Amino acid sequence: MKRKPMLVLAVFVLIALMVSACGSKNNSSDTASGSAASSPSPSSSPSVSATSSSSPSASSAQQVDIKLGAKDFEYDQKQIHVKKGDKVKITLTSDDGGHGFTIPDYNVTINGNGSAEFTADKAGTFEYHCSVMCGSGHTKMIGKLIVE
């Protein structure tokens, strides 16, 4: 008879942990070489800034800073556009807790609030998604990096 109340309690605790994952703050970040850039915060419109590169071999390459906001199981930018050769810095901000960002094809991952830098050296369209299991809407947190 004591098994049923303990089982019910264990299920409630498990559900509470899963739901609270999106509310936890995680300040760790990983930086990998590759490519990505964005700069909008969750409460503002998307912004991207670019400056010319001083490298003679990459005359058209630019430094692109992207601010990406994550909130309520979505990113504030569904697409990020950069040019092949750009040096990209993506800064992720999540006011509502534990979200992340990853572009597997560029080996770029940010867990929680933080940033990552990479060079967009492959043209094409690459999916990015949340790298932190954040709750029921986790699988909807996707977007596209478009390298032209």
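The values are calculated or read from the model by the stated rules, or taken from the named source; none is laboratory data. Predicted, not measured: the structure shown is a model, and the values here were computed from it. We place every Cβ from the backbone using ideal geometry, glycine too, and count neighbours over all the protein chains shown.
Just to be sure before I move on: is F118 touching a residue at least 24 places away in the same chain (Cβ under 8 Å) and in contact with a helix residue (DSSP H, G or I) (Cβ under 6 Å, 6 or more places away or on another chain) in the structure I sent? Judged against the criteria, F118 is a match.
Please indicate, with yes or no, whether at least one residue in segment 51-63 is under 14 Å from the mean Cα position of the chain (by Cα), surrounded by fewer than 21 Cβ atoms within 10 Å (Cβ to Cβ), at pLDDT below 95 and not in a helix (DSSP H, G or I). Looking through segment 51-63, none of the residues is under 14 Å from the mean Cα position of the chain (by Cα), surrounded by fewer than 21 Cβ atoms within 10 Å (Cβ to Cβ), at pLDDT below 95 and not in a helix (DSSP H, G or I). For segment 93-129, which residues satisfy the criterion of being under 11 Å from L145 (Cα atoms) and surrounded by 16 or more Cβ atoms within 10 Å (Cβ to Cβ)? Within segment 93-129, T102, I103, D105, Y106, A120, F126, Y128, H129 qualify. Where strands (runs of 3 or more DSSP E) sit wholly within segment 72-148, those with at least 1 residues that are more than 26 Å from S60 (Cβ to Cβ) occupy 87-93, 100-103, 108-111, 114-119, 124-129, 142-147. Considering the conditions (1) of a type in the set (S, T, Y); (2) modelled with pLDDT under 90; (3) touching an Asp or Glu at 6+ places or on another chain (Cβ under 6 Å), S136 is excluded by exactly one of them, (3).
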